[in-house]
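Colleague: Please read through the structure below; I'll follow up with questions.
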Amino acid sequence: MTHLKEGDKAPDFQVVDESGNEVRLSEYQGKKVILFFYPKAMTPGCTNEAKNLQEFSGDLKKRGFEIIGVSPDNTQKQLRFKEKYGLEYPLIPDVDRKLIEAYGVWGPKKLYGREYDGLHRTTFIIDEDGKIAKVFKKVKTKEHSKQILDSCNESK
């Protein structure tokens, strides 16, 4: 599971989003980034999380946040997900799991007594200097924006 913790330098990346646009963490220098990893597009929990972040994206932007989503889904699925729910932030198709593994969110999981490897729903808040300010390992999908905004209020 994740080896990254608050205060660590966030691993830089250069990837392509669902529309073929290049996304680099270094381009967000001076901004706060919500980097959220979700297991599978179009599933209930992932849909709730993505829609919640979109719904409150205005409030998050007022606080200086940019949003980036990452899952192991392919480009076509990410694009359909974005279009279906009107998501206005980039979604990264990480089929080869390089970014997922760099952030340490792939590992053993249990569901109904069955063990398997998969993506652990995790969100990293990256500060303006590229350091990890907060790690959410217990994401409340229907109110994730509130979790993030509440953590901002706590750190003041």
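Colleague: Putting +1 on Lys and Arg Cβ atoms and -1 on Asp and Glu Cβ atoms, find which of 145, 79, 7 reaches farthest to the positive end of the dipole of the chain.
Modeller: Selected residue: 145.
Colleague: Separate question: For residue 109, enumerate residues with amide H under 5 Å from its amide H, sequence gap 5+ or separate chain, H modeled in the peptide plane.
Modeller: 116, 117, 118
Colleague: Please rank 26, 145, fewest neighbouring Cβ atoms within 10 Å first, as an exposure proxy.
Modeller: Numbers: 26 9, 145 21.
The most exposed by this proxy come first: 26, 145.
Colleague: Could you go through the stretch 115-128 in sequence order and give the Karplus-derived ³J(HN,Hα) for each residue, using 6.51 cos²θ - 1.76 cosθ + 1.60 with θ = phi - 60°, rounded to whole Hz, and x for Gly and Pro?
Modeller: 9, 7, 8, x, 7, 8, 4, 8, 10, 10, 9, 10, 7, 4
Colleague: Leaving out same-chain residues fewer than 8 places away, which aspartates and glutamates sit with a Cα under 15 Å from that of residue 31?
Modeller: Qualifying aspartates and glutamates at Cα under 15 Å: 12, 59, 66, 127, 128, 129.
Colleague: List the relative contact order of the chain as a percent without decimals, with contacts defined as Cα pairs under 8 Å and 6+ residues apart.
Modeller: Computed value for the chain: 33 percent relative contact order.
Colleague: On to the next question. Give me the distance between the Cα centres of the stretch 94-138 and the stretch 67-82, rounded to whole Å.
Modeller: 15 Å
Colleague: Another question, then. Counting other beta carbons within 10 Å of each Cβ, put 3, 144 in order, fewest first. Don't skip to the end; give the middle numbers.
Modeller: On the way: 3 7, 144 22.
Ranked by crowding around the Cβ, least crowded first: 3, 144.
Colleague: What residues have an amide H closer than 5 Å to that of residue 10, excluding those fewer than 5 places away on the same chain, when H is modeled at 1.01 Å from N in the peptide plane?
Modeller: Distant-sequence amide H within range of residue 10: 131, 132.
Colleague: Right, here's the next one. Out of the chymotrypsin sites (Phe, Trp or Tyr not before Pro) in the stretch 95-156, which ones are loop residues according to DSSP with at most 16 other C-beta atoms within 10 Å?
Modeller: Details: sites: 103, 106, 112, 116, 124, 136; in loops: 103, 112.
Taking the stretch 95-156 and a limit of 16 other Cβ atoms within 10 Å, the loop chymotrypsin sites (Phe, Trp or Tyr not before Pro) found are 112.
Colleague: Right, next: Non-local amide H neighbours of residue 16 (under 5 Å, H modeled in plane, Pro and chain starts lacking H): which ones?
Modeller: Those lying under 5 Å, H to H, from residue 16 are 23.
Colleague: Related question: Taking other Cβ within 10 Å of each residue's Cβ, how do 143, 27 sort, fewest first? Let's see the in-between values first.
Modeller: Numbers: 143 15, 27 12.
With the sparsest Cβ surroundings first, the list reads 27, 143.
Colleague: Specify which labelled value, from [x] 1.07; [y] 0.93; [z] 1.00, agrees with Rg/Rh (Cα atoms, Kirkwood Rh) derived from the coordinates of the model shown.
Modeller: [y]
Colleague: Okay, moving on. Given the -39500 (n - 2.57) contribution per DSSP H run of 4+ residues, what per-residue ellipticity at 222 nm results for the chain, rounded to the nearest 500 deg cm²/dmol?
Modeller: Details: 5 runs with 45 residues, N = 156.
Taking each H run of at least 4 residues, the total per residue is -8000 deg cm²/dmol.
Colleague: Would you mind checking the pairs 61/110; 62/134; 5/140; 82/131; 5/98 and listing those with alpha carbons more than 24 angstrom apart? It would help to have the intermediate numbers written out before the result.
Modeller: Numbers: 61/110 35 Å; 62/134 18 Å; 5/140 19 Å; 82/131 27 Å; 5/98 19 Å.
Checking Cα-Cα distances, 61/110; 82/131 exceed 24 Å.
No value in this document is a laboratory result; all are computed from the given coordinates. These figures come from a predicted structure and were not determined experimentally. When we count neighbours, we look across all protein chains shown, and the Cβ atoms used for this are built from the backbone with ideal geometry, even at glycine.
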